[in-house]
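Colleague: Got a structure for you, questions after.
Since every read-out is calculated from the coordinates, none of them should be taken as a lab result. These numbers were taken from a predicted model, which means no experiment stands behind them. Note that each Cβ is placed from the backbone with ideal geometry, even for glycine, and that neighbours are counted across all protein chains shown.
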Amino acid sequence: MLAGMTENAASPASEGGRAALLRSVVEHLSRHGIGDASLRQIAAAVGTSHRMLIYHFGSRRGLLEAVVEELERAERDTLAALQDRTDRPARELMWEFWTHVADVADVYGPLYFELASQAMRGDHLDAPLRVPNVDMWLETLTDMWRQAGLKPAQARIHARLNLATARGLLHDLLLTRDRRAVDQAMAMFDWLCFGGPHPTPAVGRLSRRWVRATDPSHRD
């Protein structure tokens with residue numbers, strides 16, 4: 001997981017291979033951002049040569065596409081593992097995934113949104129963080145909502161709303177550092193989707209407080 005990367009990760013030379021080199025690049029860019037850094041600058045920062053980056057990734061764009069895939073792979077793997085579990089209801093596992101994503105937002109969030117911003121300014125809808133990325137997450141989240149009991153058409157709509165809500169709240173969290181406020185907003189989204197408070201008491205209390213504040217007639 002990206003959240004498990006440390007400041008003292010082994011160098012590409014000692015570990016060898018494309019995967020180790022990519023991990024070092026992701027770790028560096030997560031801390032320092034991309035900006036207009038060239039392949040030579042990125043290579044120097046991670047202790048390799050630009051020729052090695054070209055060998056493994058082909059170009060700067062190829063490297064950044066690999067970075068996107070690495071960032072997304074970790075989250076897809078986490079969600080897939082949750083979906084395979086049968087010990088808890090789907091609704092509770094949804095909140096567990098949100099908690100995980102919010103917990104590691106500082107690690108991957110700034111880099112993700114920087115990459116997304118660059119993709120928005122490009123002309124290619126097939127860029128990794130544009131249509132393919134949205135479609136991939138829509139399919140994944142649609143499956144999740146179907147497991148929660150929604151029909152396919154409803155699940156697809158909920159998936160897009162869920163994706164937009166989560167990304168918006170992560171952006172909010174990175175700018176404000178107000179975890180309680182974004183958790184409360186997500187708990188309210190959960191309430192609106194399921195028509196009542198979350199079954200986990202601590203999460204349910206977040207949305208109940210919001211409902212009381214906006215609807216004086218509501219009582220627990």
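Colleague: For Asp36, Asp106, Asp183, which order do you get if you count the other beta carbons within 10 Å of each Cβ and list the fewest first?
Modeller: Going from least to most buried by this count: Asp36, Asp106, Asp183.
Colleague: OK, next. Determine, at each q value in 0.09, 0.12, 0.15, 0.16 (inverse angstroms), the log₁₀ of I(q)/I(0) that the Debye formula gives when each Cα of region 2-177 is one equal point scatterer.
Modeller: -0.36, -0.62, -0.92, -1.02
Colleague: Just how far, in whole angstrom, is region 141-198 from region 21-39 if you go by their alpha carbon centroids?
Modeller: Distance between centres, Cα-based: 30 Å.
Colleague: Please give me, ordered by residue number, the trypsin sites (Lys or Arg not before Pro) of region 151-196 that lie in loop per DSSP and have at most 11 other Cβ atoms within 10 Å.
Modeller: Loop-located and lightly packed - Arg177.
Colleague: Could you tell me whether region 25-87 comes out rounded, prolate or oblate from its Cα gyration tensor? Rule is a ≥ b ≥ c as square roots of the eigenvalues, rounded for a/c under 1.5, then prolate if a/b exceeds b/c, otherwise oblate.
Modeller: Judged from the Cα gyration tensor, region 25-87 comes out prolate (a/c at least 1.5, a/b above b/c).
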